[in-house]
1. What number, rounded to the nearest 500 deg cm²/dmol, is the helix-based mean residue ellipticity at 222 nm of the protein assembly as shown, given -39500 (n - 2.57) per DSSP H run of at least four residues and division by all its residues?
2. Once you have the Cα-Cα distance between residue A:21 and residue A:151, take 0.36 nm times their residue separation minus that, and quote the gain in nm to one decimal.
3. Any idea how far apart residue A:114 and residue A:45 come out in nm if each label point goes 7 Å out from Cα toward Cβ?
4. Which of the GluC sites (Glu not before Pro) found in segment A:9-62 are in a DSSP loop and have at most 14 neighbouring Cβ atoms, other than their own, within 10 Å?
5. Per residue of A:141-153, how many C-beta atoms from partner chains lie within 10 Å of its own C-beta, taken as a mean?
6. If you take every DSSP beta bridge fully contained in the protein assembly as shown, what fraction is antiparallel? Give it as a percent rounded to 5.
7. For the pair residue A:9/residue A:123, report the inter-label distance in nm, with labels modelled 7 Å from Cα in the Cβ direction.
8. Filter the trypsin sites (Lys or Arg not before Pro) in segment A:1-108 to those in DSSP coil with at most 11 other Cβ atoms within 10 Å of their Cβ, and list the result.
Amino acid sequence: MNEAHHLKHPAVYQELIGLIRPEAVICGLSVTRYLKEHKKLAEARSEYTRGQPLGYWFGGAYTYATGAMMALCSGWLNKSPLYCDEQVAYIFENSPHQGNVNTFWGLLDRPQYADRKQQNHYISHTFVDGKGPLGSVLQMCDILAWNLNKIQREKSKTPELNSLLLTPTFYYHHGPKEISDTLHGALDCWEQFDKKGNPYLEDK
Amino acid sequence: MLKLYADESVDNDTSLMNLSGYLMTEGQFIALD
């Protein structure tokens, strides 16, 4: 979504804003980070990265974002008396980067990643066409993301954002420390298995 | 089973990437239609 869409279709925009009410969803979730910071940290190499940049072991920027979203959602579920045992189907809009996301999160169905799958309350992840039958719900998500970005840029809340935030919405920003910790934490996952989920051969 | 729908927005001026979504039950999803 951009300023032009918002101005070009004001009635649709307001209708979608009106759909987001506390009783209509369980909660909103939002994760952010600066791509420039992520890029710089993902390019780092060390003796632990097997000669590859850190990002090689975690995937691209969109894979990171979807992982951060699963972590935020799971953390919230773990604290929820009502929903702590629930599994989640994660549904994202089609992206040019979805192949990279599939490479990483597809591994969660492998037996050796059962613990990580459980930690993420993960049952599946899917990419869908934002212009298809699920377009409205994805546009609601887009409107939340766009308004939260707008407040960061302009430092003032829009009436629309005030309305959206009547619904409980949980926000987590990944600064340099969180990005670095997450990327290094990912290395632990690859300590025993390669990117295809196969165990490394023992050094002789 | 719950469903989490999410979409991204990137602010090209600041490089801030925001992925936002809504967690809902199947019943809530159907009611949105």
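Since every read-out is calculated from the coordinates, none of them should be taken as a lab result. Quick caveat, the model's predicted, so the values are computed rather than measured. Note that we place each Cβ from the backbone using ideal geometry, even for glycine, and neighbour counts take in every protein chain shown.
1. -13500 deg cm²/dmol
2. 44.8 nm
3. Once both label points are built, they end up 3.8 nm from each other.
4. Here the GluC sites (Glu not before Pro) that fit, given the DSSP loop and packing criteria, are A:23, A:43.
5. Average neighbour count from other chains, rounded to a whole number: 6.
6. So the antiparallel bridges in the protein assembly as shown amount to around 55 percent.
7. Placing both labels 7 Å along Cα→Cβ, they lie 3.0 nm apart.
8. Passing both the DSSP loop test and the Cβ count: A:79.
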